[in-house]
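So the structure is just underneath, and the comments pick up after that.
Every number here is computed from the coordinates shown, using simple stated rules; none is lab data. Keep in mind the model is a prediction, meaning the values are calculated, not measured. Backbone-built Cβ (ideal geometry, glycine too); neighbour counts: all protein chains shown.
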Amino acid sequence: MTITSEKKVASDFVLECRGLHAGYAGAVVCRDLDITVRPGEVVALIGANGAGKSTTMLTVSGELAPISGEVSVLGSAKRSSLSALARRGLSYVTEERSVIMGLTSAENLRLAGVSADAACEIFPELRALLKRPAGLLSGGEQQMLTLARALCRNPRLLLADELSLGLAPQIVERLLAVVREAADRQNLGVLLVEQHVRQVLEVADRVYVMRRGQVMMEGTAAEIGADLDAVQRAYLAPVSDADEAG
Ligand SMILES: Nc1ncnc2c1ncn2[C@@H]1O[C@H](COP(=O)(O)OP(=O)(O)OP(=O)(O)O)[C@@H](O)[C@H]1O
């Protein structure tokens, strides 16, 4: 299931990690990661709890310094802060509700320089909620606002870490469908961490399966989906103490 068409020049990627080691205070959590995302591509990162998905996302977003290896974001391998990368077209959304709860939906959008009409084009559901304080929106509505705000700024790379954590299946489906649409319409490259594996396979082009800090398997969504039961048994089950010892 390895990809054979990877021999492309660096500029073809909006994200390219080669031999990346990542972790905290010099302690390695993720080893030897080779992860790429092309414009218009939705790539999923799946794995059991503690596999290293968020550590990977934090590192490629500029929040965490790589321990070794290369990370090239939007064509530059020079290390930049998240805010500098955001100015160049990176958007990083997480499960943490990032809206300002005391401001209305419209004010949250305005603060980000995003027009309410553009946001409501992406999620028409937001139209009726524009005057409501974001703190009074449901979790799903808050994430629609977050995603609309991110997409309206026309990013070239979206990093989404468990955007749909704890949300109802229909909302998960809705958020993922919008991400897919944006990838197609805006030529946006997406790296997506998701616990809802079956749903993410519906929208992803390619998938990396992580366990204990390493990519154990990669393939197209169709390839991983065809063998999903075996993939789940081998790589997505919780890591036991015996695994850790071995
Ligand atoms: N700030 C930190 N300092 C030290 N170790 C950390 C820190 N954050 C996470 N870790 C460790 O790094 C490992 C990978 O965690 P990470 O959050 O990247 O996994 P994950 O795949 O995103 O898991 P989950 O699905 O549970 O969010 C875990 O063993 C975790 O305890």
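Remarks
- Loop-resident sites, the range 98-175, for trypsin sites (Lys or Arg not before Pro), counting at most 12 other Cβ within 10 Å (DSSP): Lys131
- Arranged from fewest to most other beta-carbon atoms within 10 Å of their beta carbon, Met216, Met144 become Met216, Met144.
- When Tyr92, Tyr235, Tyr24 are arranged by Cβ crowding within 10 Å, least crowded first, meaning fewest neighbours, the order is Tyr24, Tyr235, Tyr92.
- Rounded to 5, the percent of DSSP beta bridges in the chain classed as antiparallel: 50 percent
- Computed lengthening from Arg87 to Ala177, 0.36 nm per intervening residue step minus Cα-Cα distance: 29.9 nm
- Sorting Leu111, Leu159, Leu167 from the fewest to the most surrounding beta carbons within 10 angstrom yields Leu111, Leu167, Leu159.
- Structure-based [θ]222 nm, the chain - -39500 (n - 2.57) summed over DSSP H runs of at least 4, per residue, nearest 500: -9000 deg cm²/dmol
- Helix 139-152 axis versus longest C-alpha principal axis of the chain: approximately 90°, rounded to the nearest ten.
- Scattering curve values for the chain, log₁₀ I(q)/I(0), Debye with Cα scatterers, q = 0.10, 0.14 Å⁻¹: -0.47, -0.92
- Working ranking of peptides 31-43, 76-88 by packing, defined as the average number of other Cβ atoms within 10 Å per residue, highest first, is 31-43, 76-88.
- Cα long-axis angle, helix 169-186 against the chain (0 to 90 degrees, to the nearest 10): 90 degrees
- Span from the the range 145-174 Cα centroid across to the the range 16-78 one, whole angstrom: 20 Å
- Net charge, Leu130 excluded, C-beta distance under 12 Å - Lys, Arg +1, Asp, Glu -1: 0
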